[in-house]
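Bear in mind these aren't lab numbers, they're just calculated from the coordinates by the rules spelled out. This structure is a prediction, so every number in the text was calculated from the model and none was measured. No Cβ is skipped: glycine too gets one built from the backbone with ideal geometry, and neighbour counts run over all protein chains shown.
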Amino acid sequence: MRGKFRSMLLAVAASACATTLLAPTGALAAPNGPEKAEESSVRRVTEGANGPSGDASVSANGRYVVFGSSADNLVPDDTNAVPDVFLHDLRTRRTTRVSLTADGAQAAYGGSAPVISAAGRYVVFRSRGLVQDQGQEEGQEQYGYFRRDLRTGATERVGGPDDLYPQDSGALVGASVSADGRYVSFTARQTRTGRPGHRTAVRDLRTGELTVLESPWASEAHLSDDGRRLVHWESVPAPVQHPPSRVFLLDLRSGESRRLDVAADGSTTTARSGYPAISGNGRVAAFSSWATDLVPGEDPNGAQHDIFVTDLRTGAIRRLDAPLAQGWSTAPSVSRDGRYVVFGFTPSGTTWGTTHLYRTDLRTGRTTPVSHAPDGTPAAATTGERPLDAHGRTIVFSSADGGLAPGTPSPGGDVYVRTLR
């Protein structure tokens, strides 16, 4: 599942046509459970770290991984005693720190929740006080998302809770970035006054323009690579949940919005849906839902959370059946070419949060384990924003299971990279 690194810290261009991938409407079956792992390799990115690491994101070419870590021995002179954001080059195996001030100094508040642009030039992350905003009082340290240019070192503030709740305060809960780093979406949760809500905005860092979505519940937003399409979840808080949580696609250029948890005949489900994702090419969206009425036929795992995949050009929708008969599937991520979906699965009878990762090939229907030990035993794992490379072969994730790769595990969990061939 995405965005679980915070709880871990507290606890210790497309060659395939999406129409071909997704048609016909129906379920992608896995009648015999997940297949054995394809030929693959897995290694620990944070080898030797003395603290937990997570929230990993990978560039489109599968070379650069960004992640958050509370370890202080990944780079020299890490003395700020707070989590930081790091970049690891999988080719050279060199790790550098990203969460730095505009002049390249160590950041007093560090950084967290990173996402890397497709080309690997920009990293967006959450921090405080990295730049002095115009009109900001001396000593005032604004909280928000920042974008760092890894080529030039330039760092600028994208936005924060004050942009979405000017009369209140809020907590930042997620960001996404276009391939060229120009557009960044971010979400804040209202925390103090009135009924809790979420607001989402998109910043054009070339013009400075801020577009705030109209919905007072918009959360879990993800941009396509060109920054034009954005999927989001209208997360209506419990216990009211009226209307139930739903997922939408917004065209930021035309302003057109459409609901995605819709059956092929146009009927809308009354079940709760959420955790949307979109491919980099903007052709494929995925989300999780309790719905049993979005596709025809019997659902093998009954009224449980399933993953649904929509072809955004044709409207065709499919269900990715769970790798086992009983359990919950949630929090999908889609490769930039739209062919692969990585998702979390919690088997029935296990503790919620014991999530195993799988990858489904939308062209063949084959489901492959991702977070599994060499002996095939599944391990609990989590993903960050954009955990797959362009073609879905390189997958980054975090896990506290030290048996996933050779070497000494880090206390609290490591970042891993699995390469499927």
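Tabulated results
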{"quantity": "Highest average packing first - 313-320, 107-114, 381-388, Cβ atoms within 10 Å", "calculated": "381-388, 107-114, 313-320"}
{"quantity": "Long-range amide H partners of G413 with built H, under 5 Å", "calculated": "S53"}
{"quantity": "Placed amide H near V284: partners under 5 Å, 5+ positions off or other chain", "calculated": "S279, L312"}
{"quantity": "Phi to ³J(HN,Hα) by Karplus 6.51 cos²θ - 1.76 cosθ + 1.60 over segment 72-84, Hz, x for Gly, Pro", "calculated": "10, 10, 7, 9, x, 6, 8, 10, 7, 6, 9, x, 10"}
{"quantity": "Rounded to whole Hz, the Karplus (6.51, -1.76, 1.60) HN-Hα couplings of segment 92-107, x for glycine and proline", "calculated": "8, 6, 9, 10, 10, 8, 9, 7, 10, 6, 4, 9, x, 7, 4, 8"}
{"quantity": "Segment 152-214-segment 54-100 distance, computed between alpha-carbon centres (Å)", "calculated": "23"}
{"quantity": "Cβ crowding within 10 Å averaged over residues, with 141-150, 279-288, 247-256 ranked highest first", "calculated": "279-288, 141-150, 247-256"}
{"quantity": "Peptide ranges 412-421, 120-129 listed from the most packed, as the mean C-beta count within 10 angstrom indicates", "calculated": "120-129, 412-421"}
